[in-house]
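This report concerns only the one structure given below.
The values are calculated or read from the model by the stated rules, or taken from the named source; none is laboratory data. Computed from a predicted structure; not experimentally measured. Note that each Cβ is placed from the backbone with ideal geometry, even for glycine, and that neighbours are counted across all protein chains shown. In case anyone asks, the SASA skips ligands and DNA or RNA and just uses the protein heavy atoms, side chains included. Shrake-Rupley method; radii C 1.70, N 1.55, O 1.52, S 1.80 Å.
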Amino acid sequence: MIGVGRRLLHSPAWLMPWDEFHRRHVAARLVVELDRWDGAAWQPTGVAPVVTPSGVVAYPGLGRRREPWTAEPVLYRARFAAPGLRPMYPADDEPFDAAKVGREFLAYPFDDDRPPRIAAEPETVRLLPGPAFAFPPGLPVVHGVVRRAGTGAPVANALVETAGTADGGLRGWRERVLGDETGAFRLPLRWLAGTPGELVTLTATERPGRTGQAELRLPEDAALSHPIEISE
């Protein structure tokens, strides 16, 4: 909430873009587009966000009405873009769904005397490496494509991941990336032991119930393209 004289501005969303690979907030070269649901389709608003010094994306004043008691909450979605990164819109407590194209939120009406009925809570928007991500030189990276079994059609925006343990099984690790519209992905392997013949399982997810896997053996398969097929 921001006070300007006697005028109070509330934001219906506090969105924290997070670079999962580097484990840091994203603010530089970040683009956020805001759409409004008109009851039939999403419409662009052209409303620019306010980005706080800590990198939080907010929309102070969105939802302000002259007579808020006569208005209904309005559904919006924020769409994120940053060089090399792709946004994962489902929240941490939601199952992944590649069809989601924005982080949705409700803007509850308010004025100076009546705050929004429900106050916004901070939410993390995770940005994962896409195929164009600039991984550090020398880092092992495998690549491939996610496609539809039977047709070979690309599966856009699929989540591709692998996981394991390190330090004698005492520490778990996970690497995950997002594919692009063509199904292409590039996945880093920072935590592997480098043992010859090491077996790695890649899992691709489109949504719950639609997953596929591929296995590769290192180092001999490292330079190959690895297709992962997802069945209907």
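Couple of notes before you dig in:
- Pair residue 97, residue 27: separation of 7 Å Cα→Cβ label points (nm): 3.3 nm
- The slack between residue 213 and residue 121, meaning 0.36 nm per residue of separation minus the straight C-alpha distance, is 29.5 nm.
- Of the trypsin sites (Lys or Arg not before Pro) in the range 61-96, those whose Cβ has at most 14 other Cβ within 10 Å and which sit in DSSP loop: 66
- Overall form of the range 92-132 per C-alpha gyration tensor (a/c, 1.5; a/b vs b/c): prolate
- Length added when fully stretched, residue 198-residue 14, from 0.36 nm per residue minus Cα-Cα: 62.0 nm
- Euclidean distance of C-alpha centroids, the range 49-71 and the range 120-177, integer Å: 33 Å
- Amide hydrogen neighbours beyond the local backbone of residue 85, cut-off 5 Å, H modeled: 130
- Averaging 1/r over each pair of different alpha-carbon atoms in the range 105-171 and inverting the result gives 17.7 Å, the Kirkwood hydrodynamic radius.
- Couplings 3J(HN,Hα) of the range 183-189, computed from phi: x, 6, 8, 9, 10, x, 10 Hz, in residue order, whole Hz [Karplus 6.51 cos²θ - 1.76 cosθ + 1.60, θ = phi - 60°; x for Gly and Pro].
- Rounded to the nearest 20 debye, the dipole size of the chain about its Cα centre is 600 debye, using +1 on the Cβ of Lys and Arg and -1 on the Cβ of Asp and Glu.
- Among 129, 109, 219, the residue with the largest mean-square fluctuation in a Gaussian network model of the chain, with springs joining Cα atoms closer than 10 Å, is 219.
- Gain on full extension, evaluated as 0.36 nm per residue between residue 48 and residue 151 minus their Cα-Cα distance, stands at 33.0 nm.
- Of the accessible area of the chain, computed with a 1.4 Å probe over protein heavy atoms only, carbon and sulfur atoms account for 52 percent.
- Taking amide H atoms as placed 1.01 Å from N in the peptide plane, the amide H of residue 11 lies under 5 Å from those of 61, each 5 or more residues away in sequence or on another chain.
- At an R0 of 41 angstrom, the distance between the Cβ atoms of residue 79 and residue 221 translates into a FRET efficiency of 0.70.
- Computed 3J(HN,Hα) for the range 135-141, one whole-Hz value per residue from the Karplus formula 6.51 cos²θ - 1.76 cosθ + 1.60 where θ = phi - 60°, is 6, x, x, x, 6, x, 9, glycine and proline marked x.
- Entry note, the chain: relative contact order of 18 percent, from Cα contacts under 8 Å with a spacing of 6+ residues.
- Taken per residue, the accessible surface of the range 46-197 reaches 50 Å², heavy atoms only and a 1.4 Å probe.
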